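J.: The structure under discussion is supplied below as structure tokens; questions concerning it will follow.
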Amino acid sequence: MKAPIRVAVTGAAGQIGYALLPRIAAGEMFGPDQPVILHLIEVPVEKPLQALGGVAMELADCAFGLLAGVVQTSDLAEGFGGVNWALLVGSKPRGPGMERNDLLKDNGKIFVGQGQAIAKHAAKDVRVAVVGNPCNTNCWIALQSAKGVPASRFTAMTRLDQNRAQAQLAAKAGVPISAVAGTLIWGNHSSTQVPDTFHATINGQPVNEVIRDKEWLEGEFFKTVQQRGAAIIAARGSSSAASAANALIDHVRDLVRPTPAGQWRSVCVESDGSYGVPKGLISSFPVRADGQGGYQIVKGLPMNAFLESKIAATVKELEMERDIVSSMLT
Ligand code: NAX
């Protein structure tokens, strides 16, 4: 058995936390031979802290062989102390009548503090995955605030969007999920995200040769993926939780392991200027992991006018978000 790794999860008493934690403790994220010590971080408020106690009791009651310890805390020094992974799930939800700019600023403050605490207290090899929305910009803030931690350690999640796109294509083509490969999300995890079917395949064939319905591919498919989160809220009365937790398991597991030859995963990472995305923005790209803690943005995928115009729009939104929060950074 390997030595345990420490994994921090913020917002651990929330609904994604509830769906996520047992799966990490069961070995689905880091493998069946990797023990974990979970650092559960919540706000210092009675109700979530009480709920967190219940989550910890349930984790104990699962008697997971890989769960080597549980820390419950509101203190960021303790929460991020020695952690190898920081999964930043908790954030402030958008309240009734709240402007997007206010949401960005309120969450910005949270991620400044968390970025600073990660730099100060986490393990030297710490890696960060941001889920709490607006996740790209929150990730950008955390990265700017975590002085001394390499930017390549910071990612944000568009894997749920990729999984949604893959499922929609499989359903439309009437094929198993496994027949669809290479689905890809560009840009911001928001309603401007760009689900790309041009580089995906179904049973090894280009998508548009199997689904001969350009109107659906550029219309309904696009909108369904972009607005799936809102559709789930409308149906369930709360936002995606099981699928979001599942996507985070996929996101981290696929960054830890080497990506199989010829494949990529959608991951929001710091732009190096590829595909016309300004350097420094946290944007979703096709990414390949090397299994040693590193990754590469896949270069040279052919683009077209449709993709370019959609990517330009989502990048514009990312720049706008960055400009709103950048005054918070010292
Ligand atoms: P919940 O409201 O159920 O839980 C959030 C939890 O975070 C709460 O328990 C709250 O007390 C805690 N929290 C808030 N601020 C915190 C802080 N500063 N430190 C520690 N804990 C804090 O939300 P949930 O459904 O779990 O969603 C969590 C976040 O994921 C939201 O921001 C949501 O928008 C985002 N999502 C992101 C997705 C993605 O694909 N990137 C998809 C799913 C989800 O919508």
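The values are calculated or read from the model by the stated rules, or taken from the named source; none is laboratory data. Since we're looking at a predicted model, the values are computed, not measured. As a convention, Cβ positions derive from the backbone with ideal geometry for all residues, glycine included, and neighbour counts pool all protein chains shown. Areas reflect the complete protein model, heavy atoms only, side chains present, ligands, DNA and RNA absent. Shrake-Rupley method; radii C 1.70, N 1.55, O 1.52, S 1.80 Å.
J.: Here is a list: ALA165, ALA151, ALA156. Which entry is touching a Pro at 6+ places or on another chain (Cβ under 6 Å) and of a type outside the set (Ser, Thr, Tyr)?
T.: Numbers: ALA151 fails: touching a Pro at 6+ places or on another chain (Cβ under 6 Å); ALA156 fails: touching a Pro at 6+ places or on another chain (Cβ under 6 Å).
Among ALA165, ALA151, ALA156, only ALA165 is touching a Pro at 6+ places or on another chain (Cβ under 6 Å) and of a type outside the set (Ser, Thr, Tyr).
J.: Identify all residues within the stretch 111-128 that are open to solvent by less than 30 Å² (accessible area, probe 1.4 Å) and not in a helix (DSSP H, G or I); write none if there are none. Reasoning before the result, please.
T.: So the first thing to find is which residues in the stretch 111-128 are open to solvent by less than 30 Å² (accessible area, probe 1.4 Å), and the list is 111-115, 117-118, 122-123, 126-128.
Within the stretch 111-128, ALA122, ALA123, VAL126, ARG127, VAL128 meet the criteria.
J.: Let me ask something else. Go through (1) farther than 30 Å from LYS92 by Cβ; (2) in contact with a helix residue (DSSP H, G or I) (Cβ under 9 Å, 6 or more places away or on another chain) one by one and return the number of the condition GLY273 breaks.
T.: (2)
J.: Aromatic (Phe, Trp, Tyr), in a loop (DSSP other than H, G, I, E, B), away from the ligand (no atom under 12 Å from the Cβ) and surrounded by fewer than 19 Cβ atoms within 10 Å (Cβ to Cβ): is that true of PHE30 in this structure? Before the answer, list the steps.
T.: Numbers: aromatic (Phe, Trp, Tyr): yes; in a loop (DSSP other than H, G, I, E, B): yes; away from the ligand (no atom under 12 Å from the Cβ): yes; surrounded by fewer than 19 Cβ atoms within 10 Å (Cβ to Cβ): no.
So PHE30 fails the test.
J.: Say whether the condition of being closer than 23 Å to HIS251 by Cβ and open to solvent by 30 Å² or more (accessible area, probe 1.4 Å) is met by at least one residue in the stretch 284-291.
T.: Initially, the stretch 284-291 is screened for residues closer than 23 Å to HIS251 by Cβ, giving 284-291.
In the following step, the residues that additionally are open to solvent by 30 Å² or more (accessible area, probe 1.4 Å) were identified as 288, 290.
Checked against the condition, which is being closer than 23 Å to HIS251 by Cβ and open to solvent by 30 Å² or more (accessible area, probe 1.4 Å), the stretch 284-291 yields at least one hit.
J.: Right, another one. I need the helices (runs of 4 or more DSSP H) fully contained in the stretch 135-220, keeping only those with at least 2 residues that are outside the structural domain of ILE118 (by TED's automatic domain parsing). Don't jump to the end; show me each part of the working.
T.: On the way: elements: 135-145, 159-173, 207-210, 214-218.
In the stretch 135-220, 159-173, 207-210, 214-218 are the helices (runs of 4 or more DSSP H) which contain 2 or more residues that are outside the structural domain of ILE118 (by TED's automatic domain parsing).
J.: Could you list, in sequence order, the residues of the stretch 33-42 that are in contact with a Leu (Cβ under 8 Å, 6 or more places away or on another chain) and assigned to a loop (DSSP other than H, G, I, E, B)?
T.: GLN34, PRO35, GLU42
J.: Can you find a residue in the stretch 213-223 that is more than 21 Å from ALA305 (Cα to Cα) and either surrounded by 18 or more Cβ atoms within 10 Å (Cβ to Cβ) or away from the ligand (no atom under 16 Å from the Cβ) (or both)? Let's see the steps before the verdict.
T.: From the stretch 213-223, those more than 21 Å from ALA305 (Cα to Cα) are none; that's our starting set.
No, every residue in the stretch 213-223 fails to be more than 21 Å from ALA305 (Cα to Cα) and either surrounded by 18 or more Cβ atoms within 10 Å (Cβ to Cβ) or away from the ligand (no atom under 16 Å from the Cβ) (or both).
Condition check ((1) over 15 Å from the mean Cα position of the chain (by Cα); (2) at positive phi; (3) at pLDDT below 95) across all residues:
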residue: VAL180; (1), (2), (3): yes, no, no
residue: THR183; (1), (2), (3): yes, no, no
residue: GLY187; (1), (2), (3): no, yes, no
residue: VAL207; (1), (2), (3): yes, no, no
residue: SER240; (1), (2), (3): no, no, yes
residue: VAL252; (1), (2), (3): no, no, no
residue: VAL256; (1), (2), (3): no, no, no
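J.: Still on this model: If we scan the stretch 135-148, do we find a residue that is open to solvent by less than 20 Å² (accessible area, probe 1.4 Å), modelled with pLDDT of 95 or more and among the hydroxyl-bearing types (Ser, Thr, Tyr)?
T.: Scanning the stretch 135-148, I find at least one residue that is open to solvent by less than 20 Å² (accessible area, probe 1.4 Å), modelled with pLDDT of 95 or more and among the hydroxyl-bearing types (Ser, Thr, Tyr), so the answer is yes.
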